[in-house]
1. Roughly what would the spin-label model give for Thr312 and Asp146, points 7 Å off Cα along C-beta, in nm?
2. Just to verify a number: what accessible area does Phe135 come out at with the full protein assembly present, 1.4 Å probe, Å² rounded to tens?
3. Contour minus end-to-end for Leu97 and Ser18, with contour as 0.36 nm per residue of separation and end-to-end as the Cα-Cα distance?
4. For region 53-189, what is the accessible area per residue in Å², given a 1.4 Å probe and the full set of protein chains?
5. Where a ≥ b ≥ c are the square roots of the eigenvalues of the C-alpha gyration tensor, would you call region 96-171 rounded, which needs a/c under 1.5, or, failing that, prolate if a/b is larger than b/c, or oblate?
6. Does region 30-173 come out rounded, prolate or oblate, given a ≥ b ≥ c as the square roots of the eigenvalues of its C-alpha gyration tensor, rounded meaning a/c under 1.5 and, failing that, prolate meaning a/b above b/c?
7. Name the residues whose placed amide hydrogens come within less than 5 Å of the amide hydrogen of Asp287, ignoring near sequence neighbours (fewer than 5 apart) on the same chain.
8. Determine, for each peptide in 270-276, 170-176, 160-166, the mean count of other beta carbons within 10 angstrom over its residues, then list the peptides with the highest first.
Amino acid sequence: MTNIRSRVRARRPGIVRSLREAVDPARLLLVAKTALAVGLAWLIAPHMPGVTDEYPYYAPLGALVSMYPTLMGSVRSGLQTLLGLATGIGLAAIVVLTVGPTWWTIPAVVGVGVLVSGTGWFGVGREYVPMAALFVLIIGGQNADDYSIGYLVQTAVGVVVGLLVNLVIAPAPLTLAAAAKVDAFRTQLSDHLHDIGSAVAESWPPEHQQWADDAASLADTTSELRTALSEADDSRRGNPRALGRRGETTHIHAELARLDRIAHLIRDISDEIADTIWDRPGALVLDPALPAPLSDACHAVAEIIAQRDPLTSEDHRVRGEAARAIRLLLEAVDDRTIDAHRSMGPGVLAAMHLRRILILSGHREDEDDADADADADG
């Protein structure tokens, strides 16, 4: 029972985050637009000409599959679905025009549909290739021609309705959400380096080791942020609410690239310090004179990472303190290398990486100055 409670407690933050995302304003807008598109498609479908009015239930389906959080996502989804349907209907037509649907041709054409859908040409519409072939042969039966036309046309009607709804009520670009996630990642990196600094200064082994376990998650966070940024870029394409601001995510991409490099350096420091603290394979001895300056340098550089504005007086003050802490650490490393006649150790690696992090953090100021010069020239 205790084990179950501990698992629920560990998963609680993820559950809360999922529930919060489900009622996010952007998600609720998508819910409302999807309901509107499905309703409009159902109203329009019975008024389609010819035999297509006999299959109105496929129009709401087309509206449903075309509704995505981004406008270009809706276009891709709608076109891919129609391509998958047309391919599946074509496969079924070959069977109808030759041997006809039998006990062996139906599973055979479904198998071919699954095979074709694996080519990667159909995107989200790949599932509709074997599905459309199966429906035409089983549900269409003797009226396969009329059914195929109704199926494809009514789905296309729903897709068009969905695209129009998504265009008229354009979704907001996801730029701000992506920028907020990158800012949160910056804070995460700063906190992680603070944890390393505290662990080094504590009596070994430290009481808390979550920081060491969390180091591996930094790479996963970077991957998630790249996906969020890609979605933000996609949300701007063709979106009337993003006109005139096409370069808005450029600085976010640059910031994520910088933080990604910093994350790699912090992971190296974290892994080496953790190996030394818990005497893991690959552990190197940390000189007793280095924990204090190493801890100070970690805390000072963590403050630099947390800075969002590189042009303030506070940033310059914190940067100066970090540079001084790293210099003291380097001097201590040099002194102990000479006295102990040993150069290998986590202090050496940490000093090099912390100095590199300080340099990377300073690039924001250079880029901002370059942007200002470019604007002045323009």
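1. 7.2
2. Surface accessible to solvent at Phe135 totals approximately 60 Å².
3. Length gained between Leu97 and Ser18: 23.5 nm.
4. Solvent-accessible surface per residue comes out at 45 Å².
5. Oblate, since a/c reaches 1.5 and b/c is not below a/b.
6. Judged from the Cα gyration tensor, region 30-173 comes out oblate (a/c at least 1.5, b/c at or above a/b).
7. Those lying under 5 Å, H to H, from Asp287 are Gly347.
8. Packing order, densest peptide first, comes out as 160-166, 270-276, 170-176.
The values are calculated or read from the model by the stated rules, or taken from the named source; none is laboratory data. These figures come from a predicted structure and were not determined experimentally. A quick note on method: Cβ atoms are made from the backbone with ideal geometry, for glycine too, and the neighbour counts reach across all protein chains shown. The accessibility values were calculated without ligands, DNA or RNA, using every heavy atom of the protein model including side chains. Shrake-Rupley method; radii C 1.70, N 1.55, O 1.52, S 1.80 Å.
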